[in-house]
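A short worksheet on the structure shown next.
The values are calculated or read from the model by the stated rules, or taken from the named source; none is laboratory data. Everything quoted here is computed from the prediction, not taken from an experiment. We place every Cβ from the backbone using ideal geometry, glycine too, and count neighbours over all the protein chains shown. Ligands, DNA and RNA are excluded from the accessible area calculation, which covers all protein heavy atoms including side chains. Shrake-Rupley method; radii C 1.70, N 1.55, O 1.52, S 1.80 Å.
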Amino acid sequence: ETVGEPFFLLLCAIKQQINKGSIDAITGKARYTLNEEWLLRENIEAKPRNLNVSFQGCGMDSLSVRVMDTDTLSQVKEKILEAFCKNIPYSQWPRVEDVDLEWFATSTDSYILRDLDDTSVMEDGRKKLNTLAHYKIPDGASLAMSLTDNKDTTLSRVKDLDTEKYFHLGTLQKFLDDLFKAILSIRDEKPPVAIKYFFDFLEEQAEKRGISDPDTLHIWKTNSLPLRFWVNILKNPQFVFDIDKTDHIDACLSVIAQAFIDACSISDLQLGKDSPTNKLLYAKEIPEYRKIVQKYYKQIHDMPPLSEQEMNAHLAEESRKYRNEFNTNVAMTEIYKYAKRYRSQIVNALDSNPTTRRTQLQHKFEQVIALMEDNIYECCSEA
């Protein structure tokens, strides 16, 4: 509810910045990037073109779409599809190879534009992909896109990792700050229930084991929440959004995830001229991010502890909200497999803990196992 919007806006900003310069359609390298391994070394001048595009069957009027004259026709199609389909889940978009793009050069002449055709130029024994500049398409040109049965050959990408410099996209800083603050902030003076409960559990375990080093607790909390959960989300936005995670966005997100990891670490950053550029890019911001992390942990620690009843009520409410979005039978079966495998260890652990003895969790656990076994037996009998 709180992190989704700033995370999505960051993804949009990354894509927008990458699209402001040339992108090699074969290697995927770009003029503007966070990741030096994906830097396009050649300083290829790219001029913007605003095209008036209609999309047959889309149900919308024509749109003005901003592209670059160095774009291949597939790249132009991608930008046009994004303009027309921006409010539609990515999985429902037509593919680039499913559409044709037609340029109306004059009132009587029109041309189907393709990456490769009879007009493609040969250089050093290889064909050069057609671009808007190749077709001499002017600013303000009128184009029409339509669905087609013909499929263009999908271009395979190769990776050339020979780079010498990197480029820091400073305009992304606000989006990154907003995202990190959304992840590491308390809303409405209330702690996130599951996190508060779990962090208190970690502190209880440290106390029972005589661990008083605050760094150890910081590491436990960091490993359980930022590193195990948030980094996974930051590097895999397709887990939560129906979007296209390109190789280039993936490379940029790896840099951002590394900055988040460094922000949650308590180790001193030993940086020098030979340090990876992924760590150098946000080196100046890391100390400030670390203060935010430490403040977040302290705020949660200082809040009143939650009772078992409050936690159970929260879990019940979460289950109610998402009851139709998950296959609970599959989930229960997987949990049952684990529980059956470690049945004796789980029973012993529940029996030796005063809290679980008081709430009779051992008895409830045995009841659930018995119920699952009965259901499995009935299914096998019917089969």
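In table form, for the structure just shown:
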item	result
Residue match in the range 63-84 (condition: more than 24 Å from the chain's Cα centre (by Cα), surrounded by fewer than 18 Cβ atoms within 10 Å (Cβ to Cβ) and modelled with pLDDT under 90)	no
Residues that are within 22 Å of residue 56 (Cα to Cα) and among the polar types (S, T, N, Q), drawn from the range 121-143	142
Of all residues in the range 93-114 being of a type in the set (A, V, I, L, M) and within 15 Å of residue 49 (Cβ to Cβ), the one that is surrounded by the fewest Cβ atoms within 10 Å (Cβ to Cβ)	105
Residue list for the range 205-231, restricted to those being under 25 Å from residue 179 (Cα atoms), in contact with a helix residue (DSSP H, G or I) (Cβ under 8 Å, 6 or more places away or on another chain) and among the β-branched types (Val, Ile, Thr)	222, 231
Residues of the range 304-327 satisfying the condition of being more than 16 Å from residue 355 (Cα to Cα) and in a helix (DSSP H, G or I)	313, 314, 315, 316, 317, 318, 319, 320, 321
Residue list for the range 203-232, restricted to those being under 16 Å from residue 259 (Cα atoms) and either surrounded by 15 or more Cβ atoms within 10 Å (Cβ to Cβ) or in contact with a Ser or Thr (Cβ under 8 Å, 6 or more places away or on another chain) (or both)	222, 225, 226, 227, 230, 231
Matching residues, the range 115-130, being exposed (fewer than 10 other Cβ atoms within 10 Å of the Cβ) and either of a type in the set (Asp, Glu) or part of a strand (DSSP E or B) (or both)	118, 122, 123, 124, 126
Filtered residue count, the range 131-186, keeping only those that are open to solvent by 50 Å² or more (accessible area, probe 1.4 Å) and modelled with pLDDT of 80 or more	11
Strands (runs of 3 or more DSSP E) completely within the range 1-114 that count 1 or more residues being in contact with a Ser or Thr (Cβ under 8 Å, 6 or more places away or on another chain) and either over 30 Å from residue 230 (Cβ atoms) or free of Cβ contacts under 8 Å to residues at least 60 places away in the same chain (or both)	48-55, 63-68, 99-104
First in the range 176-203 and farther than 30 Å from residue 281 by Cβ and hydrophobic (A, V, I, L, M, F, W, C), second anywhere and open to solvent by 40 Å² or more (accessible area, probe 1.4 Å) and not in a helix (DSSP H, G or I), Cβ under 8 Å, 6 or more apart	193/306
In the range 14-30, residue modelled with the highest pLDDT [restricted to those that are within 15 Å of residue 72 (Cα to Cα) and open to solvent by 50 Å² or more (accessible area, probe 1.4 Å)]	20
Residue count for the range 283-299, restricted to those that are more than 18 Å from residue 261 (Cβ to Cβ) and buried (at least 17 other Cβ atoms within 10 Å of the Cβ)	0
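Here's the yes/no breakdown for (1) exposed (fewer than 12 other Cβ atoms within 10 Å of the Cβ); (2) of a type in the set (A, V, I, L, M, F, W, C); (3) at pLDDT 90 or above:
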position: 248; (1), (2), (3): no, no, no
position: 261; (1), (2), (3): no, yes, yes
position: 273; (1), (2), (3): yes, no, no
position: 313; (1), (2), (3): no, yes, yes
position: 322; (1), (2), (3): yes, no, no
position: 330; (1), (2), (3): yes, yes, no
